[in-house]
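Comments concern the structure below.
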Amino acid sequence: MSNNDLAINPASELQTTPKCGLFGTCGGCSYQNLAYEDQLHLKRSLVVEALSEFHPDIELIVRQMLKRV
């Protein structure tokens, strides 16, 4: 594969039809093509991954914080 080639990944079975006609253009709603519960799971995973280097128990802390909401 050269630098000009693009690898196209197949659509995920989690994908849904985005509600916004500008989805994919403006970038304001990157996860709109996922069901809401899948959006929450993905966002939670991103937070845990980003913060895990700062605290060894970040998974537990995030879980406790989300119980309060």
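The values are calculated or read from the model by the stated rules, or taken from the named source; none is laboratory data. Keep in mind that what you see is a predicted model, and the values were worked out from it rather than measured. So basically every Cβ, Gly included, is an ideal-geometry build from the backbone, and we count neighbours across all protein chains shown. Only protein heavy atoms, including side chains, enter the accessible area calculation; ligands, DNA and RNA are left aside. Shrake-Rupley method; radii C 1.70, N 1.55, O 1.52, S 1.80 Å.
For a quick check of your reading of the model, give me the residue pairs whose first member lies in the range 3-27 and is within 15 Å of Q39 (Cα to Cα), whose second is in a strand (DSSP E or B) and modelled with pLDDT of 80 or more, with beta-carbon atoms closer than 9 Å and at least 6 apart or on different chains.
That search, which allows pairs on different chains as well, returns S12/L34; L14/L34; Q15/L34; T16/L34.
Read through the list (1) at pLDDT 85 or above; (2) surrounded by 10 or more Cβ atoms within 10 Å (Cβ to Cβ); (3) part of a loop (DSSP other than H, G, I, E, B), then give the number of the only condition that E53 fails.
E53 satisfies all of (1) at pLDDT 85 or above; (2) surrounded by 10 or more Cβ atoms within 10 Å (Cβ to Cβ); (3) part of a loop (DSSP other than H, G, I, E, B) except (2).
Which one of the conditions (1) open to solvent by 60 Å² or more (accessible area, probe 1.4 Å); (2) in a loop (DSSP other than H, G, I, E, B) does M65 fail to meet, given that it meets all the rest?
For M65, the failing item is (2).
Taking the condition of being in a helix (DSSP H, G or I) and either open to solvent by 60 Å² or more (accessible area, probe 1.4 Å) or touching a residue at least 60 places away in the same chain (Cβ under 8 Å) (or both), how many residues in the range 30-49 meet it?
Kept after step one, since they are in a helix (DSSP H, G or I), are these residues of the range 30-49: 36-49.
Okay, now just the ones that are also either open to solvent by 60 Å² or more (accessible area, probe 1.4 Å) or touching a residue at least 60 places away in the same chain (Cβ under 8 Å) (or both), so 36-37, 40-41, 43-44, 46-47, 49.
Total meeting the criteria: 9.
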